[in-house]
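Down below is the structure, laid out as structure tokens.
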Amino acid sequence: MNMSEHSVSIRDLTLDYGNTRVLENLNLDIEQGEFIVLLGPSGCGKSTLLNCIAGLMDISDGQIHIDNRNVTWEEPKDRGIGMVFQSYALYPQMTVEKNLSFGLKVAGYKKDEIQRRVARAAEILQMEELLQRKPVELSGGQRQRVAIGRALVREAKVFLFDEPLSNLDAKLRSDLRVEIKRLHQRLKNTMIYVTHDQIEALTLANRIAIMKDGVIQQLADPHTIYNKPVNLYVAGFIGSPSMNFFQGTLQTGDETCFVTDSGTHIPTSSYQFARASSDSCSAVLGIRPEHIIAGEGARGMPFSTRVEIEIVEPMGSNTLVWTRVADQAVTFSCDSDQLLAPGQSIDIGFDPARGSLFDAESTLRL
Ligand SMILES: Nc1ncnc2c1ncn2[C@@H]1O[C@H](COP(=O)(O)OP(=O)(O)OP(=O)(O)O)[C@@H](O)[C@H]1O
Ligand SMILES: [Mg+2]
């Protein structure tokens, strides 16, 4: 596909803050109408990348194309984007209506066009009855809706969000998360959304870009990111509680087998290798807590063992259990109907085909 068919295209983007290189040779192509989430820990360069797309900072090298135009040196207002920040940045002395219309007025739009756009945004965000209030008279969730509305009235092709839900409490976050998803389904704009919250990433994204130290580690749909992480970093970052990791050796031959450092054999003949590898190597086997089966059925799995339960954490919909396998702490998740107690023995098992194998040296998926 050539560059002109993408909604947003980032080519060899490099950005330095003084002597510090924050982004290096970064490439990213985003399709029309796609919801892309930039996910990563604090300081990995998510906001920096978003601000480069928005035109809020001068890049050191590379090009940015939006909607078939090279906008690398264009002003933010000319790029055809709408932006929503974590801090709502509303004008406190203005009503909601004025907050929504102010930017359009400054840009010289006619009165009836401004009215049409404000009415449309208010309808989409269901805040018609809030138009005459001032920000101080709104809840945090309502304020963030106004901030989203301010991006909506620009009728931009591309929306950029920088952690828009971070200031809200857990309940409001999940409510507004659904609203943003509904908004995307209705408008079908391209959306680029920054977060360090993996649940937001998994629930909202068509594709997630997982970042670390300014480098995109994996760019894929949520299903692939969750099931086939490309390296140890992505595997450990996605999933809560985190994937269990066993250190050991992958023995290849007629039947491949993973042998933990403590000598436990885990047959891996059901595992689909990413590439043909013939040599035995130091490896890490990762298995998610929710892919371990406990009690009945465990014995039928390619690997099973009997363990003693150490800690039981009821989570409501499921229960997390802490135990040890092959001299290592292991967490598994089971049905909340299963009555389990510390000290009790239970069979657990899993199929390595549901897990991930990594080369211990390169940390890449095997
Ligand atoms: N104005 C600046 N001058 C120098 N370094 C900066 C500046 N702004 C950001 N940085 C550095 O650039 C790196 C990336 O910062 P950025 O704000 O993009 O991270 P982030 O992924 O958005 O993190 P967070 O989740 O905390 O918002 C960090 O190491 C940060 O310290
Ligand atoms: Mg940030």
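Read-outs: derived from the displayed coordinates by stated rules, not from any lab. If you're wondering where the values come from, they're calculated on a predicted model, not measured in any experiment. All Cβ positions, glycine included, derive from the backbone under ideal geometry; neighbour counts span all protein chains shown.
Given a cut-off of 19 Å, what percent of all Cα-Cα pairs of the stretch 58-203 lie beyond it?
Cα-Cα pairs in the stretch 58-203 separated by more than 19 Å: 54 percent.
Under a point spin-label approximation (7 Å from Cα along Cα-to-Cβ), what is the K77-Q338 distance to one decimal in nm?
If labels sit at K77 and Q338, their model points lie 6.1 nm apart.
To check you understand DSSP bridge types, tell me what percent of the beta bridges within the chain (both residues inside) are antiparallel, rounded to 5.
75
Could you size up the charge dipole of the chain around its Cα centre, putting +1 on the beta carbon of Lys and Arg and -1 on that of Asp and Glu, and report it in debye to the nearest 20?
1640
Modelled label-to-label distance, S280 and S345, 7 Å Cα→beta-carbon offset: nm?
Each label point is offset 7 Å from its Cα along the Cβ direction, giving 3.1 nm.
Longest exposed-loop-site-free stretch of the chain, with trypsin sites (Lys or Arg not before Pro), DSSP loop and at most 14 other Cβ within 10 Å?
No qualifying site falls inside 1-109, the longest such stretch.
Over the Cα atoms of the stretch 241-359, compute the convex hull volume and normalise it per residue, giving Å³.
In the stretch 241-359, the Cα convex hull volume per residue is 97 Å³.
Using only Cα atoms and rounding to the nearest 10 degrees, what angle (0 to 90) does helix 170-187 make with the longest principal axis of the chain?
Once rounded, one gets 70 degrees.
Hey, any idea what Rg/Rh is for the chain, computing Rh the Kirkwood way over Cα pairs?
1.06
Between 0 and 90 degrees, rounded to the nearest ten: what's the tilt of helix 140-152 against the longest Cα principal axis of the chain?
60
Rounded to the nearest 10 degrees, what's the angle between the helix 111-124 long axis and the longest principal axis of the chain, both from Cα atoms, 0 to 90?
For 111-124 against the chain, the angle is about 30 degrees.
State, to one decimal in nm, how far the label point of L56 lies from the label point of D175, with both points 7 Å from Cα in the Cβ direction.
My value for the distance between the label points is 2.6 nm.
Please give the per residue volume of the convex hull enclosing the alpha carbon atoms of the stretch 282-344, rounded to a whole number of Å³.
Cα-based convex hull of the stretch 282-344, divided per residue, equals 92 Å³.
Rank V215, L90, I53 by how far each Cα sits towards the positive end of the charge dipole of the chain (+1 on Lys, Arg Cβ; -1 on Asp, Glu Cβ) and give me just the farthest.
Toward the positive end, the furthest listed residue is L90.
Over all distinct Cα pairs, what is the inverse of the mean 1/r for the stretch 148-191, reported as the Kirkwood hydrodynamic radius in Å?
In the stretch 148-191 this quantity evaluates to 11.2 Å.
For F273 and K98, what is the calculated FRET efficiency with R₀ set at 45 Å and r taken between the beta-carbons, to the nearest 0.05?
The computed FRET efficiency comes out at 0.15.
Could you work out how much longer the chain between K110 and R133 gets when fully extended? Use 0.36 nm per residue separation minus the Cα distance between them, nm to one decimal.
5.9 nm
For a test of understanding, tell me how many lysine pairs in the chain have Cα atoms under 20 Å apart, given they are 8 or more places apart or on different chains.
For the chain, the number of qualifying lysine pairs is 15.
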